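Data first, discussion second: the structure below is written as structure tokens.
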Amino acid sequence: MTNKFMNNGEDKVFANKIEKISDFEFNQNVASVFDDMVSRSIPNYHEIHKIIIDLTRRYYKSGKVFDLGCSTGTTMLLMADHFRQNDRPLPEFIGIDTSKPMLEKASQKLNAHGLQNNVELKEESITETKIEDAGMVIMNYTLQFLPMEERLEVIKNIYNGLNENGCFILAEKIICQDEQIDNLLIDLYYDFKRRNGYSEMEISQKREALENVLKPLTPQQQMKMLNDAGFEKSEMIFRWYNFSCYLCIK
């Protein structure tokens, strides 16, 4: 389902020795290979897209669709494809990202599939995005990059901007409360990356680059934050080791 909307550039961002590793950025180098990077780095990335399409098919009724941290636009393309195949009117899509290179890739992909009039792309922080008249809000592996002190307000903004019975889909990397289990799951995750062709150096260098910018929560902390933001109906609906997906209904 996903491959026809994904670019084919191979992720070699960390393939060569880097003397001084900087914090990870969604720059031009990353944007050019992002689709390959997430496919090989995030377990069940395509399955999360299938979940989003299932919820679109079974639950979404009306309202704007916000993709917060839209990267190269694949999620919106898949949703639009679903609407077209099922003769449903296309909603108004709004894609938000702080990375100009990512948005440029998204624009190219969306335009190539005739969606330039159905999607509004905005280069801004999701802390500044005004959510309104939303039937669905999606945030795939984005909240984890925000400073801890900003996350609750972002989720409150989502809750307040959703229509009644609107849904929020949140995919995140997580940590475990128990350190021994957490370390085991991290090791299993690195086995997954090795199976997908990443070298020990690539794994090590990317881990160091992400160390200061990606800060995951435990599922318990995440559920509490969702509840504190106003979501009384929230569930973890998918988990693979240290990756999860939550569904919240207003």
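The values are calculated or read from the model by the stated rules, or taken from the named source; none is laboratory data. All values derive from a computational prediction rather than experimental measurement. Glycine also receives a Cβ, built like all others from the backbone with ideal geometry; neighbour counts cover every protein chain displayed. Remember, those area values only see protein heavy atoms, side chains included, never the ligands or the DNA or RNA. Shrake-Rupley method; radii C 1.70, N 1.55, O 1.52, S 1.80 Å.
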Accessible surface, 1.4 Å probe, highest first, among residues Phe26, Phe238: Phe26, Phe238
Tell me the relative contact order for the stretch 18-155 as a rounded percent, counting alpha carbon contacts under 8 Å between residues six or more apart. 28 percent
Report, in debye and to the nearest 20, how large the dipole of the chain comes out about its Cα centre when Lys and Arg carry +1 and Asp and Glu carry -1 on their Cβ. 680 debye
Give the separation of the Cα centroids, the stretch 203-235 to the stretch 152-191, in Å. 4 Å
Report the charge-dipole magnitude of the stretch 1-143 in Debye, nearest 20, computed about the Cα centre from +1 at each Lys and Arg Cβ and -1 at each Asp and Glu Cβ. 420 debye
Taking R0 as 22 Å, what FRET efficiency do you get between Asp133 and Tyr59 from their Cβ-Cβ distance, rounded to the nearest 0.05? 0.85
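Where does the chain land at 222 nm, in deg cm²/dmol rounded to the nearest 500, when only DSSP H runs of n ≥ 4 count, each adding -39500 (n - 2.57), divided by all residues?
Numbers: 9 runs with 103 residues, N = 250.
Computed mean residue ellipticity for the chain: -12500 deg cm²/dmol.
Can you tell me what share of the DSSP beta bridges in the chain is antiparallel? A percent to the nearest 5 is fine.
On the way: 14 of 34 bridges.
Once the DSSP bridges in the chain are tallied, antiparallel ones form about 40 percent.
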Set Lys and Arg Cβ to +1 and Asp and Glu Cβ to -1, take the dipole of the stretch 127-215 about its Cα centre, and tell me which of Leu162, Ile138, Phe192 lies farthest positive. Phe192
Enumerate the lysines that Lys130 could reach by cross-link, defined here as Cα to Cα under 16 Å, with residues fewer than 8 away along the same chain left out. Lys64, Lys122, Lys156
From the backbone phi of the stretch 209-215, what are the Karplus-calculated ³J(HN,Hα) couplings (6.51 cos²θ - 1.76 cosθ + 1.60, θ = phi - 60°) in whole Hz, Gly and Pro given as x? 5, 8, 3, 9, 10, 10, 10
Under 5 Å, built H, 5+ apart or other chain: amide partners of Phe243: Ile174
Apply the Debye scattering formula to the stretch 10-75, with a single equal point scatterer on each alpha-carbon and no solvent, then give log10 I(q)/I(0) at q = 0.15, 0.25, 0.26, 0.28 Å⁻¹. -0.63, -1.21, -1.26, -1.34
Straight distance only, please: which lysines reach the Cα of Lys12 with their own Cα at less than 21 Å, same-chain residues fewer than 8 apart left out? Lys20, Lys100, Lys105, Lys193, Lys206
What FRET efficiency, computed as 1/(1 + (r/R0)^6) with R0 = 35 Å and r the Cβ-Cβ distance, is obtained for Ile18 and Arg239, rounded to the nearest 0.05? 0.60
